[in-house]
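None of the figures in this text is laboratory data; all of them are computed from the coordinates on show. Note that the structure is a prediction, hence the values are computed from the model and not measured. Every residue, glycine as well, gets a Cβ built from its backbone with ideal geometry; the counts of neighbours run over all protein chains shown.
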Amino acid sequence: MSRVCQLTGKKVIVGNSVSHSHIKTKRTFKPNLHVKKFWVPELNDFVYLKVSAKAIRTIDKNGVLNCMTEAYKKGFLK
């Protein structure tokens, strides 16, 4: 199961964990992903999407179908 948001394309990035003595070790920053069920009135059906917390806020603002079409144009949703 990949850790990639289907609408925004957010994914795991790599950085450093820095200790008090300034020793750096590699770590990963994971996106805040949730599998959610959304009702799409235009399709009259539910859709399951793995989305980040930011994408959920965007869906509340713009609507599910608009966000899905934008993600499809950008290549995040297939």
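Please find the FRET efficiency linking Val4 to Lys61, where r is the Cβ-Cβ separation and R0 is fixed at 22 Å, and quote it to the nearest 0.05.
Working: r = 22 Å, r/R0 = 0.98.
Once the sixth-power term is evaluated, E becomes 0.55.
Gain in length, Ser21 to Ala53, computed as 0.36 nm per residue apart minus the alpha-carbon separation, to one decimal in nm? Show your work: numbers first, answer last.
Numbers: separation 32, 0.36 × 32 = 11.52 nm, distance 3.36 nm.
My answer for the length gained is 8.2 nm.
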Treating the angle as unsigned and between 0 and 90°, give the value, to the nearest 10°, between the Cα long axis of helix 64-74 and the longest Cα principal axis of the chain. 60 degrees
For the chain, built as a Gaussian network whose Cα springs stay under 10 Å, the top-fluctuating residue of Ile13, Ile23, Ile59: Ile23
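Kindly give Rg over Rh for the chain, based on alpha-carbon atoms, with the Kirkwood expression for the hydrodynamic radius.
Details: Rg = 16.1 Å, Rh = 14.0 Å.
Looking at the chain, the ratio lands at 1.15.
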Relative to the longest principal Cα axis of the chain, at what angle does helix 53-62 sit, 0 to 90 degrees, rounded to 10? 30 degrees
